[in-house]
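What follows is one structure encoded as C-alpha cells, with my remarks underneath.
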Amino acid sequence: MPKETELKLLIAPEAHSHLLSNPLLKESCVAGQCFFQFQNTYFDTVDQRLHQARVSLRIRENQGRYIQTLKTRGQSRNGLSRRGEWEWSLERERLDMALLQPVWPDALITIDFSALTPVFNTNFQRTAFTLNWDKQHSACVELSLDVGEIRAGMFREAISEVEIELLSGSEEALHEIAEQLCRSVTLEPCDVSKAERGYALINRQLLAQ
C-alpha cells in the first residue's frame, strides 16, 4: 500500500518570512523553492459516509492539471500522521471511478459512486522545498508552507501551516527538522488535517441552517 508519512505544524502568518529565510532551508535544499497554487474539491455522500470511515477523496487542480487522490484511515499523534494514499492523473475535473475500484476500502463497498458529490474546497498557495537531511537521522523530505483557506458554504477558515513529508529515509528526521526550525520560529504540532477542518465547517453550516 502506498503510504504517506508527514508532520503537520501550525504557523502564525507573521512568522512566514522567518520560516522562509531560515538557514536550514538554504543549507539542506537540493533545488530552488517551488510555488504551486492548489484548488481542491473534496467529495462525499450526503450523509458523510467517507468521513465516518476516515477516508478522504479529492480532485486537485494545479495550472490545468488534475490529480485524483484517495487517502484512507491512518494514525496521527503530535502532528505526525501515517496513512494510505493513492494518486492518479486525470484529463478533466471529474472523478474516475474505475481508478478507485481496485483500492476502494471494504468498509465503503456498498456506496454507489454516483452518490459522491462535492462537499467543500480548500484553496492555497504552497511554497515547497526538497531537503536532503543528513544529521543524526538521514532522509529526503519535502517541506511546504501552505497559505490559503478552506471554504464550505458560507463559512471560511484560514490555512497557515507547515508540512514536512517523508520522501525516503528515517521518519525521525521529520522531528529533527521541526526541532531545529522551532529554535527560531514558533510551530505547533497539529493532528487535524485540512479535510477534517473542512468537515467541521460543513457541520457548522448544517447547525446554522
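The table below gives the values:
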{"read-out": "Hits in the stretch 76-91 (condition: of a type in the set (Ser, Thr, Tyr) and surrounded by fewer than 13 Cβ atoms within 10 Å (Cβ to Cβ))", "value": "SER89"}
{"read-out": "Qualifying residue in the stretch 128-144 (condition: touching a residue at least 24 places away in the same chain (Cβ under 8 Å), touching a His at 6+ places or on another chain (Cβ under 9 Å) and either among the hydroxyl-bearing types (Ser, Thr, Tyr) or part of a strand (DSSP E or B) (or both))", "value": "no"}
{"read-out": "Those residues of the stretch 21-59 which are part of a helix (DSSP H, G or I) and either more than 19 Å from CYS140 (Cα to Cα) or hydroxyl-bearing (Ser, Thr, Tyr) (or both), in sequence order", "value": "SER28, ARG49, LEU50, HIS51, GLN52"}
{"read-out": "Lone qualifier among ALA107, ALA139 - being more than 30 Å from GLN48 (Cα to Cα) and of a type in the set (A, V, I, L, M, F, W, C)", "value": "ALA139"}
{"read-out": "Filtered residue count, the stretch 51-71, keeping only those that are under 25 Å from ASP112 (Cα atoms) and either surrounded by fewer than 18 Cβ atoms within 10 Å (Cβ to Cβ) or free of Cβ contacts under 8 Å to residues at least 60 places away in the same chain (or both)", "value": "13"}
{"read-out": "Long-range neighbours under 7 Å by Cβ, at least six apart or interchain, first residue on the phi > 0 side of the Ramachandran plot within the stretch 155-181, second among the polar types (S, T, N, Q)", "value": "GLY169/SER138"}
{"read-out": "Pair list, Cβ under 7 Å, 6 or more apart: the stretch 194-207 residue without any contact (Cβ under 8 Å) to a residue 60 or more places away in the chain and farther than 17 Å from GLN39 by Cβ, other residue of a type in the set (Phe, Trp, Tyr) and surrounded by 14 or more Cβ atoms within 10 Å (Cβ to Cβ)", "value": "ARG204/PHE155; GLN205/PHE155"}
{"read-out": "Output for the stretch 97-123, where each listed residue is of a type in the set (Ser, Thr, Tyr) and not in a strand (DSSP E or B)", "value": "THR110, SER114"}
{"read-out": "Count of the stretch 72-96 residues which are under 18 Å from CYS190 (Cα atoms), in a strand (DSSP E or B) and not hydrophobic (A, V, I, L, M, F, W, C)", "value": "8"}
{"read-out": "Qualifying residue in the stretch 115-126 (condition: touching a residue at least 12 places away in the same chain (Cβ under 8 Å), crowded, with 17+ Cβ neighbours inside 10 Å, within 28 Å of GLN48 (Cβ to Cβ) and of a type in the set (Phe, Trp, Tyr))", "value": "yes"}
{"read-out": "Residue satisfying all of: in the stretch 1-41; small (Gly, Ala, Ser) and surrounded by 14 or more Cβ atoms within 10 Å (Cβ to Cβ); modelled with the lowest pLDDT among these", "value": "SER28"}
{"read-out": "Condition met for ALA178 (among the small types (Gly, Ala, Ser), modelled with pLDDT of 95 or more and either more than 19 Å from PRO23 (Cα to Cα) or part of a strand (DSSP E or B) (or both))", "value": "no"}
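Residue by residue, here is whether (1) in a loop (DSSP other than H, G, I, E, B); (2) surrounded by fewer than 17 Cβ atoms within 10 Å (Cβ to Cβ) holds:
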position	(1), (2)
GLU149	no, yes
GLU161	no, no
ALA173	no, no
VAL192	yes, yes
ALA195	no, no
ILE202	no, no
GLN205	no, yes
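The values are calculated or read from the model by the stated rules, or taken from the named source; none is laboratory data. Nothing here was measured: the structure is a model prediction, and the numbers come from that model. No Cβ is skipped: glycine too gets one built from the backbone with ideal geometry, and neighbour counts run over all protein chains shown.
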